[in-house]
Structures are given as C-alpha cells and as structure tokens.
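One structure below.
The values are calculated or read from the model by the stated rules, or taken from the named source; none is laboratory data. No experiment lies behind these values; they were computed from the predicted model shown. Please note: Cβ atoms are built from the backbone with ideal geometry, for glycine as well, and neighbour counts cover all protein chains shown.
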Amino acid sequence: MYNIVMEKTVSSAYARSNFADILRAVEDGETVTITRHNKPIATVSPSKPAEKPVPKFGTLKGKAWIIDPHWADPMTEEEVDAFLDGRY
C-alpha cells in the first residue's frame, strides 16, 4: 500500500477566507502549507487516529476498600419493613 501525500500551498489571505476548504482538503489526506509573503508560516496536515487507552486491571488495588463487609447481604424482614415505611 502506498501513501500518496498531496501538498498544497496557499496564502494566508486565502486561508483566512477559505478555511473550510482547507479543512476538507486535509480530511482528504492533503498537506496544506500556509504562506505569508511567499514564506511558509504553518503546515496543516492530517493527524493520526487517536489511540484508545487500554484499561489496566488492578490499578485501584490498595486505593479503594469496602467499609462494611456485609453490604451485599440480603435485608432482614425488619429492614424491609423500615425501608418500605421510609424509615431506613
């Protein structure tokens, strides 16, 4: 597979008035050089796709803990009644 890079040079006045066209050209894979008085001042080129971070398991080890070891135990009848009455 070949990567063909097209280069385009435009003046700063053209870039100011036609920025949307420049962005479309960059989206199509072109590199656009902006000049002022025939001297290059900026180059706009396509960026690389952002890398999706890979989650690392165990990064919270020792940083988070469960205070109540019985937090997942089922509720007792009294607790259910209190919850339904709005007292819990």
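Hydrophobic (A, V, I, L, M, F, W, C), in a helix (DSSP H, G or I) and touching a helix residue (DSSP H, G or I) at 6+ places or on another chain (Cβ under 9 Å) - does that describe any residue in region 27-43? No, because not a single residue in region 27-43 is hydrophobic (A, V, I, L, M, F, W, C), in a helix (DSSP H, G or I) and touching a helix residue (DSSP H, G or I) at 6+ places or on another chain (Cβ under 9 Å).
Look through region 1-21, keep the residues that are closer than 19 Å to LYS48 by Cβ and of a type outside the set (Phe, Trp, Tyr), and return whichever of them is modelled with the highest pLDDT. Checking each candidate, the answer is GLU7. Of all residues in region 36-71, exactly one satisfies the criterion of being surrounded by 10 or more Cβ atoms within 10 Å (Cβ to Cβ) and among the basic types (Lys, Arg), namely ARG36.
Could you go through region 54-75 and let me know if any residue there is part of a loop (DSSP other than H, G, I, E, B), out of contact with any Pro (no Cβ under 8 Å at 6 or more places or on another chain), on the phi > 0 side of the Ramachandran plot and modelled with pLDDT of 85 or more. No: zero hits.
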